[in-house]
Amino acid sequence: MAPTTIAFTSIKLKCYSNTTLTSFEKNVIHFPEVMECYRITGVADFLLKIAIRDVEAYDTFLNTRLATLPNIGSVITTFVLVETRRP
């Protein structure tokens with residue numbers, strides 16, 4: 001089944017250096033669910049755009065892929081309800 005749900009996930013690393021930031025980026029972008037990965041400023045270090053089938057598939061992604069990466073301090077996810085695009 002094709003992905004029908006989009007989630008934006010903010011990731012804060014436990015500690016960071018150029019090595020840990022680069023390592024996270026290189027690892028996370030290989031997950032097929034991750035459409036985009038942004039290194040950001042503010043409370044989180046990264047913002048991921050994730051395409052999954054549904055909330056249950058996100059739970060599986062979180063537990064079997066994302067949570068396996070080292071140095072993750074916190075994960076906050078927001079699910080898209082409606083997408084509005086420019087005409």
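The values are calculated or read from the model by the stated rules, or taken from the named source; none is laboratory data. Small disclaimer: the values here were computed from a predicted structure and weren't measured. Glycine gets a Cβ as well: all are built from the backbone with ideal geometry, and neighbour counts include every protein chain shown.
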Can you tell me which residue within the stretch 1-39, out of those that are of a type in the set (G, A, S) and without any contact (Cβ under 8 Å) to a residue 60 or more places away in the chain, is farthest from A57 (Cα to Cα)? S17
Show the residue pairs meeting these rules: Cβ distance below 7 Å; 6+ apart or different chains; first residue within the stretch 50-68 and at pLDDT 95 or above; second residue surrounded by fewer than 18 Cβ atoms within 10 Å (Cβ to Cβ) and assigned to a helix (DSSP H, G or I). none
